[in-house]
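The values are calculated or read from the model by the stated rules, or taken from the named source; none is laboratory data. What you are looking at is a predicted structure, and each value in this text was computed from that prediction instead of being measured. Using ideal geometry, Cβ is built from the backbone for each residue, glycine included, and neighbour counts are taken over all protein chains shown. The area values use the complete protein model at the heavy-atom level, side chains included, leaving out ligands, DNA and RNA. Shrake-Rupley method; radii C 1.70, N 1.55, O 1.52, S 1.80 Å.
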Amino acid sequence: MPSYASPLLSLPGAVAADAPDAGVAAHYGDLFKEQRALAAGEGFVDLSHREVVTVSGPDRLSWLHLLLTQHVSELAPGHATEALILSAKGHIEHALYLVDDGGTVWLHTEPGQAESLIAYLESMKFFYRVDVADRTGEFAVVHLPAGSIRPAPEGTVVRETPHGRDLFVPRGELAAFAGGGDPAIGVLAYEALRVEAHRPRLGRETDHRTIPHELGWLDSAVHLQKGCYRGQETVARVQNLGRPPRRLVFLHLDGSEVTLPEHGAEVRLAAEGGDGRVLGFVTTSARHHELGPIALALVKRNVPEDAGLLAGGTPAAQEVIVAA
């Protein structure tokens, strides 16, 4: 959706987010209040800039099972899962968040990804009885946090996870949904809690050579007992015979710094100073209502797990997400 602007940007206090979340609100005037509400299971997050794709037809699950890293051939209706699409060399190309409603698989993905995703899926249809459709113009994603007691509108497809519920709401009903009484919460609060939970995101924690092992995505998006999908040989080889070249880490940033390191900021050993070797890069940084400034970073596997780091020049202590 080029130049998308959510109707909820007209709500009081709304401040528009920057890419990759352009089109929705970064916050509605009080970032930390919004974070605390989200952590308490209150409010909703407008994710209507994300793109929606459906796969229908009697062969949808068996067909997707051959293409995705996740085991979905027997996916039960209403059961949410995550999956990746890899290149032939095992690098991550797409991250999908999906649920089957008994007749159709609904999934959402990053802004700008639907076109290339659908092109790949269409190229793999062959004789399978499936229909792939871009539904972004018809449906918007809205997130309700874990613990929210707000019921989903009748007939809404819901993707329920430990982190909350993703609702596929008809776009024409988005403004009415926002008028339901719950506070609107911006994507900065949503991202801060994502960083706290160590959950990777395509395009932030990934680059052109990222493999699932580096981000801990084996736990949620890869089924190690299935094969047949593109890139599976790399997944199996690294899992059984080696270690990934990089690893995701969680950073506690020095709170005395005024600005946060940007996506792509270089990570170095603190002991070597600002002119030391580049060991990785910051993927996402955030200001957390309890933890202060935090970030995720992708660093070389051999960086000592107890080493102090500089993240874009900001001193940082690391916590292990993916072991060396």
Checklist outcome for this item: region 189-274: Kirkwood hydrodynamic radius (Cα pairs, Å) comes out at 15.4
Checklist entry - Does region 1-159 classify as rounded, prolate or oblate by the C-alpha gyration tensor (a ≥ b ≥ c root eigenvalues; a/c under 1.5 gives rounded; else a/b over b/c gives prolate, otherwise oblate)? => result prolate
Item to check | Shape of region 175-323, Cα gyration tensor, a/c cut at 1.5 | outcome: oblate
Checklist entry - Ignoring ligands, DNA and RNA, what percent of the accessible area of the chain is carbon or sulfur (1.4 Å)? => result 51
Item to check | Helix-only CD estimate at 222 nm, as mean residue ellipticity for the chain, using -39500 (n - 2.57) per DSSP H run (n ≥ 4) | outcome: -4500 deg cm²/dmol
Next on the checklist: Please list, by residue number, every one of the trypsin sites (Lys or Arg not before Pro) in region 62-156 that is coil in DSSP and has at most 16 other beta-carbon atoms within 10 Å.
Outcome noted: Lys89, Lys125, Arg129
Item to check | List Asp30, Asp275, ordered by accessible area with a 1.4 Å probe, largest first | outcome: Asp275, Asp30
Next on the checklist: Given a 1.4 angstrom probe, what's the average accessible area per residue across region 245-323, in square angstrom?
Outcome noted: 45
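Return the FRET efficiency for the residue pair Ser73, Ala176: r is the Cβ-Cβ distance, R0 is 22 Å, and the value is rounded to the nearest 0.05.
Working: r = 37 Å, r/R0 = 1.70.
So the FRET efficiency works out to roughly 0.05.
Suppose the chain between Lys300 and Asp18 were pulled fully straight at 0.36 nm per residue; how much longer would it get relative to their current alpha carbon spacing?
The Lys300-Asp18 span can extend by a further 98.7 nm.
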Checklist entry - If you take the square roots of the eigenvalues of the alpha-carbon gyration tensor of region 18-76 and sort them as a ≥ b ≥ c, do you get rounded (a/c under 1.5), prolate (a/b over b/c) or oblate? => result prolate
Checklist entry - Per-residue HN-Hα couplings for region 104-113, Karplus 6.51 cos²θ - 1.76 cosθ + 1.60 at θ = phi - 60°, whole Hz, x for Gly and Pro? => result 8, 8, 9, 9, 10, 8, 5, x, x, 9
Next on the checklist: Please check: in the Gaussian network model of the chain (C-alpha springs, under 10 Å), which one of Phe126, Phe168, Phe177 has the largest mean-square fluctuation.
Outcome noted: Phe126
Next on the checklist: If packing is taken as the average count of other Cβ atoms within 10 Å, what order do 159-165, 210-216 fall into, highest mean first?
Outcome noted: 210-216, 159-165
Next on the checklist: Rounded to whole Å, give me the distance from the Cα center of region 140-160 to that of region 29-60.
Outcome noted: 9
Checklist entry - Each residue of region 263-277 in turn: what ³J(HN,Hα) in whole Hz from Karplus with 6.51, -1.76, 1.60 and θ = phi - 60°, glycine and Pro shown as x? => result 4, x, 4, 6, 10, 9, 6, 4, 5, 9, x, x, 9, x, 5
Next on the checklist: Quick check: convex hull of the Cα atoms in the chain, volume per residue, rounded to a whole Å³?
Outcome noted: 131
Next on the checklist: Between region 177-248 and region 64-83, what is the separation of their alpha carbon centroids in Å?
Outcome noted: 16
Checklist entry - Toward the positive end of the charge dipole of the chain, about the Cα centre and with charges on Cβ (Lys, Arg +1; Asp, Glu -1), which of Leu67, Leu193, Phe32 goes farthest? => result Leu67
